[in-house]
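All of the numbers you see were taken from the coordinates with simple rules; none came from a lab. The model shown is predicted, which means the values in this text are computed figures rather than measured ones. Here the Cβ positions follow ideal geometry from the backbone for every residue, glycine too, while neighbour counts run over all protein chains shown.
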């Protein structure tokens, strides 16, 4: 379960609303809400904004939710414009995360 999904479950439980009620209030389908909760679909910025509105989160809680949503994004797309740029990107990632996660 993603950090965002865990927080969303907590917010839903604390609100006392059903997932169907929450989805309706967010103006999303219950299926989309279920996919985000299961982690099969990362939350979009508009989805996060709807959560902030529906749960009436203050600015601190809203920023925390945005942060958790960012952590839940599991794919990064990079399109280097050539081999030299690709090497710079790989070097940056190795520096950022350590060499143990990238193949030689």
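Condition first: over 13 Å from residue 8 (Cα atoms) and under 10 Å from the mean Cα position of the chain (by Cα). Now tell me which residues in the range 68-87 satisfy that. So that I can check it myself, show each step before the final result.
We begin by selecting, within the range 68-87, every residue over 13 Å from residue 8 (Cα atoms); these are 70-71, 73-87.
Correct list: 70, 71, 73, 74.
If you go through the range 1-17 one residue at a time, how many are assigned to a loop (DSSP other than H, G, I, E, B) and either crowded, with 16+ Cβ neighbours inside 10 Å or in contact with a strand residue (DSSP E or B) (Cβ under 9 Å, 6 or more places away or on another chain) (or both)? It would help to see each step written out before you state the result.
Here is the first cut: in the range 1-17, the ones assigned to a loop (DSSP other than H, G, I, E, B) are 1-2, 16-17.
Subset that is either crowded, with 16+ Cβ neighbours inside 10 Å or in contact with a strand residue (DSSP E or B) (Cβ under 9 Å, 6 or more places away or on another chain) (or both): 2, 17.
The total comes to 2.
Across the range 33-44, what is the total count of residues that are closer than 17 Å to residue 55 by Cβ and touching a helix residue (DSSP H, G or I) at 6+ places or on another chain (Cβ under 7 Å)?
Residues in the range 33-44 being closer than 17 Å to residue 55 by Cβ and touching a helix residue (DSSP H, G or I) at 6+ places or on another chain (Cβ under 7 Å): 4 in total.
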